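Notes follow once the structure below has been shown.
The values are calculated or read from the model by the stated rules, or taken from the named source; none is laboratory data. Everything numeric in this text was worked out from a predicted model, so none of it was measured. As a convention, Cβ positions derive from the backbone with ideal geometry for all residues, glycine included, and neighbour counts pool all protein chains shown.
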Amino acid sequence: VEAAITEAAYQTLYALYPKQRELFTQTRNNFIKLVRGDSSDNAGINKGILVGKLLALTILESRSSDNSQNQGTYKLINQTGYHQPDPTHPDQPFLSPRWGTVTPFVIQSGSQFRASNTVGNTLAGRRQFLRSEKYISDYNEVVSLGTRNSQTRTADQTEVGIFWGYDGAPKLGVPPRLYNQVVRVIAIKKNNTLQQNAQLFAFVNYAMADAGISAWETKYYYELWRPILGVRQGSPTTRAIPNWLPLGAPADGGGDNFTPPFPSYVSGHSTFGSAAFEMLRLFYGTDQFQFQFQSDEYNGATKDSITGRVRPNRTRSYERFSQAEEENFLSRIYLGVHWRIDQEEGRTMGRKIAKYIYDKLT
C-alpha cells in the first residue's frame, strides 16, 4: 500500500509540476527504499508501484478535459460596487475568472452551492445592498479592524490575520497547503492508520477542490468589490477615505502587502477552510479536539513585508476544530481584504460542500 501511495503521488506531482521532476524522483526513490527496507515482499512492492502508477494516470486522464486550462478573460463592470484591480497594484491581473466552470470532483457543478443573492447580481440589486444595514456594518468593521495602522485591532488580531495568510508567497503557497498542514498535525495526534489517512486526506482535498471551484463561480457571478475599493470610493451610505490602506494579504518579503486579484464575495479562505474543518468534524464525529499548530507565516524564517523583519516562531492552541475555523474566518477581516459577509457565506458554502461529499462517499 505504501508503495502504491508513493508512486501515485510521484506520478501526479510530476504531471502537474514537470520542472521539479528531479526533486520528485529523488524523494520517490527515497520513500521506495524505506518501504523495501521494512518488507521482504519485493514482488508485492513492485505490484504496489504498478497499481499506484495506473491509478494516478487514470485519474490524470479523467481530468484532462475538465476545463481547468481555460483561464478565460474578465471584462470589468465600471460601476460602483463592482470588482476592480487593487489601486495600489494597478497592473494586477484577474486570477482565473473561468475557474468556476471547471468540472468538479464530486459535486454536480460549480453553481450547485452558489452563495445567496444578498449582495445583488444586478445594478439595482447592488445599489440596494450598498444601502443596506449589513453593508454599513461590514464597512464599519473593516475600517475599524482592517486598516493598516488600526488603533482598534489588537496585537493578537494582527497575528491571527497574518497567521492564516498563505497568499501565494514563495515557500508558503496558498490556502489548501495551509489546511493540509493543519489536517496533518491532527492526523498525527490522532494516531491515524494508513487507511484512515488515505481516506481523510482524500475527503478533505475533494472538499477543498470543489470548494475552490464553487467559490470562484460565486466570485465572478456577483463580482463584488473589495474593501480597498469600497472604502476608498465610498457609497451612498458610507464615507469615502481616498487613501485608505488595509493591513493587506502578506506579501512576505516579496513587495508590499496587497488585496488579492479576484472579487470579494465569497472568501476563498473561508470556503476552503470551512470545507476542511467540516470534513474533520464529520470524519471524527466531533468538534472537540485539542491541538496546536505553527503557521509558516510565523516560523522564524518568513520576513514581514511591512516591518522588514523576520517574524518569530508562533504556535497557536485550539480546543475545537470550530475555534480554528473561526480564527481563519476572522483573519481576512483583520487583514482588511474581505467584508464579513464574504466570510459568512463562504463558511456556509464550505460546510455544505463537505457534508455533500462526505454523504456521497460514505
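The residues of region 324-361 that are out of contact with any helix residue (DSSP H, G or I) (no Cβ under 8 Å at 6 or more places or on another chain) and within 16 Å of GLY161 (Cβ to Cβ) amount to a single one, GLU326. Applying the selection to region 303-362, what residues are among the small types (Gly, Ala, Ser), in contact with a Leu (Cβ under 9 Å, 6 or more places away or on another chain) and not in a helix (DSSP H, G or I)? Result: GLY336, single match.
With respect to the conditions (1) of a type outside the set (S, T, N, Q); (2) more than 22 Å from HIS338 (Cβ to Cβ); (3) loosely packed, with under 15 Cβ neighbours inside 10 Å, VAL51 falls short on a single one, namely (3). Do we find a residue being among the aliphatic types (A, V, I, L, M) and in contact with a Lys or Arg (Cβ under 9 Å, 6 or more places away or on another chain) anywhere in region 121-138? No; the residues of region 121-138 include none that is among the aliphatic types (A, V, I, L, M) and in contact with a Lys or Arg (Cβ under 9 Å, 6 or more places away or on another chain). Right, SER270: modelled with pLDDT of 95 or more, small (Gly, Ala, Ser) and either farther than 30 Å from ASN117 by Cα or not in a helix (DSSP H, G or I) (or both) or not? In short, no.
Checked against (1) in a helix (DSSP H, G or I); (2) surrounded by fewer than 24 Cβ atoms within 10 Å (Cβ to Cβ); (3) within 14 Å of the chain's Cα centre (by Cα), PRO260 passes all but a single condition, namely (1).
Table: residues versus (1) touching a residue at least 40 places away in the same chain (Cβ under 8 Å); (2) touching a Pro at 6+ places or on another chain (Cβ under 9 Å); (3) buried (at least 16 other Cβ atoms within 10 Å of the Cβ); (4) outside any helix (DSSP H, G or I).
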site: TYR135; (1), (2), (3), (4): yes, no, yes, no
site: TYR139; (1), (2), (3), (4): yes, yes, yes, no
site: VAL143; (1), (2), (3), (4): yes, yes, yes, no
site: GLN157; (1), (2), (3), (4): yes, no, yes, no
site: ILE162; (1), (2), (3), (4): yes, yes, yes, no
site: TYR166; (1), (2), (3), (4): yes, yes, yes, yes
site: PRO170; (1), (2), (3), (4): yes, no, no, yes
site: MET208; (1), (2), (3), (4): yes, yes, yes, no
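Restricting attention to region 95-133, the residues that are of a type in the set (Val, Ile, Thr) and without any contact (Cβ under 8 Å) to a residue 24 or more places away in the chain add up to 1. If you go through region 35-69 and keep only what is at pLDDT 95 or above, among the acidic types (Asp, Glu) and not in a helix (DSSP H, G or I), you end up with just ASP66. Cβ contacts < 6 Å: first residue over 12 Å from ILE49 (Cβ atoms), restricted to region 9-35; second residue surrounded by 11 or more Cβ atoms within 10 Å (Cβ to Cβ) and of a type in the set (D, E, K, R), any location; separation 6+ or different chain. Result? Filtered contacts from region 9-35: TYR14/ARG21.
Starting from region 244-260, keep only residues that are more than 20 Å from TYR139 (Cβ to Cβ) and modelled with pLDDT under 95, then list their pairs with residues that are outside any loop (DSSP other than H, G, I, E, B) and basic (Lys, Arg) whose Cβ atoms are within a distance under 7 Å, requiring at least 6 positions of separation or different chains. The qualifying pairs are ASP252/LYS303; GLY253/LYS303. As for region 23-34, it holds at least one residue that is at pLDDT 95 or above and of a type in the set (Ser, Thr, Tyr).
Listed here are the residues, each with its yes/no results for (1) under 23 Å from SER274 (Cα atoms); (2) within 16 Å of the chain's Cα centre (by Cα).
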site: GLU141; (1), (2): yes, no
site: GLY146; (1), (2): yes, no
site: SER150; (1), (2): no, no
site: THR154; (1), (2): no, no
site: VAL160; (1), (2): yes, yes
site: GLY165; (1), (2): yes, yes
site: PRO170; (1), (2): no, yes
site: ASN180; (1), (2): yes, yes
site: ALA187; (1), (2): yes, no
